[in-house]
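Peer 1: Quick one: structure below, then a few questions.
The values are calculated or read from the model by the stated rules, or taken from the named source; none is laboratory data. Note that the structure is predicted; figures quoted are calculated from it, not measured. Glycine also receives a Cβ, built like all others from the backbone with ideal geometry; neighbour counts cover every protein chain displayed.
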Amino acid sequence: MAEILVLYYSAGGSVRRMAELIAEGVERTPGAQARLRTVPRVSSGFDREVSPVPEQGPPYGEHRDLEECAGLALGSPTRFGNMAAPMKAFLDGTGPLWMKGTLAGKPACVFTSTASLHGGQESTLISMMLPLLHHGMLIVGLPYTNAELNATRTGGTPYGASHFAGLADDQPVSDAERALCVAQGRRLAEVALKLAR
Ligand SMILES: Cc1cc2nc3c(=O)[nH]c(=O)nc-3n(C[C@H](O)[C@H](O)[C@H](O)COP(=O)(O)O)c2cc1C
């Protein structure tokens, strides 16, 4: 089985829901299975919050997960048009893997959620691609052969799946957004399987 790591940070649950849908797309691909992992919160400097291992939900990702995966789906909410600090902190800790070329040649995709429709989905997605490119990963986008990319009135970009959660973070994942998350998970798994052959 090709193990696809779906690694995300989510404070309010929108990105978590997307991660579950991407994992669903992975699992719909014969020969692939999803491994869901999250990352701990970090202190903003204004608070001193520590982040105990959560009692519910996926465990925190470890370097071992990156070593063992055949592909990676990386998700973060948008923070000022960029990825959230907890995801950046996790990635900043992957220097030893970069030195070894652990992720070089593996496929990866990215996904995000925003409160406003034009609040930086694309810039956040690209911000997440940059460290993955440094690692030598092969970025897998979302092609317009997915009809929902043209039909969506909310999230969904060729750079990766996205969700418009609304200012109150209360908008459910739309049908088009859901279909694109599942398609992205499938596509990543299919590419990983092809590369593994
Ligand atoms: C500090 C901070 C910065 C944010 N910056 C943006 C932003 O630039 N654009 C935007 O549309 N939403 C922004 N948001 C809102 C989140 O991206 C949005 O609520 C997202 O859906 C949260 O995902 P989650 O429920 O998985 O945590 C910001 C939220 C916080 C707390």
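Peer 1: Restricting to the range 1-41, give me the number of residues that are hydroxyl-bearing (Ser, Thr, Tyr) and more than 11 Å from the ligand (Cβ to nearest atom).
Peer 2: Qualifying residue count, the range 1-41: 1.
Peer 1: Any idea which of 97, 91 is under 15 Å from the mean Cα position of the chain (by Cα), closer than 23 Å to residue 23 by Cβ and not in a loop (DSSP other than H, G, I, E, B)?
Peer 2: 91
Peer 1: Inside the range 119-170, can you point out the residues that are among the acidic types (Asp, Glu) and within 16 Å of the ligand (Cβ to nearest atom)?
Peer 2: If the condition is that a residue be among the acidic types (Asp, Glu) and within 16 Å of the ligand (Cβ to nearest atom), then 122, 169, 170 are the ones that fit.
Peer 1: Could you say which residue among 72, 103 is in a loop (DSSP other than H, G, I, E, B), among the aliphatic types (A, V, I, L, M), surrounded by 21 or more Cβ atoms within 10 Å (Cβ to Cβ) and more than 16 Å from the ligand (Cβ to nearest atom)?
Peer 2: 103
Peer 1: Could you say which residue among 141, 120 is closer than 23 Å to residue 91 by Cα, surrounded by fewer than 17 Cβ atoms within 10 Å (Cβ to Cβ), in contact (Cβ under 8 Å) with a residue 12 or more places away in the chain and touching a strand residue (DSSP E or B) at 6+ places or on another chain (Cβ under 9 Å)?
Peer 2: Checking each option against the conditions leaves just 141.
Peer 1: Could I ask something else about it? List pairs: first residue in the range 53-71 and within 20 Å of residue 189 (Cα to Cα) and in contact (Cβ under 8 Å) with a residue 60 or more places away in the chain, second residue assigned to a helix (DSSP H, G or I) and aliphatic (A, V, I, L, M) anywhere in the structure, Cβ distance under 6 angstrom, at least six positions apart or on different chains.
Peer 2: 66/97; 70/192; 70/196; 71/188; 71/192
Peer 1: Of (1) closer than 15 Å to residue 11 by Cβ; (2) away from the ligand (no atom under 16 Å from the Cβ); (3) among the aromatic types (Phe, Trp, Tyr), residue 90 satisfies all except one. Which?
Peer 2: Checking residue 90 against (1) closer than 15 Å to residue 11 by Cβ; (2) away from the ligand (no atom under 16 Å from the Cβ); (3) among the aromatic types (Phe, Trp, Tyr), the one that fails is (2).
Peer 1: Check 161, 183, 108 and return the single one that is assigned to a helix (DSSP H, G or I), within 17 Å of residue 26 (Cα to Cα) and of a type in the set (Gly, Ala, Ser).
Peer 2: Testing whether each residue is assigned to a helix (DSSP H, G or I), within 17 Å of residue 26 (Cα to Cα) and of a type in the set (Gly, Ala, Ser) leaves just 183.
Peer 1: Just checking, how many residues over the range 14-32 are in contact (Cβ under 8 Å) with a residue 12 or more places away in the chain and either assigned to a loop (DSSP other than H, G, I, E, B) or farther than 19 Å from residue 179 by Cα (or both)?
Peer 2: The total comes to 3.
Peer 1: Also: Take the conditions within 16 Å of the ligand (Cβ to nearest atom), at pLDDT 95 or above and closer than 16 Å to residue 8 by Cα and apply them to residue 188. Does it pass?
Peer 2: Taking the combined requirement at face value, the residue does not satisfy it.
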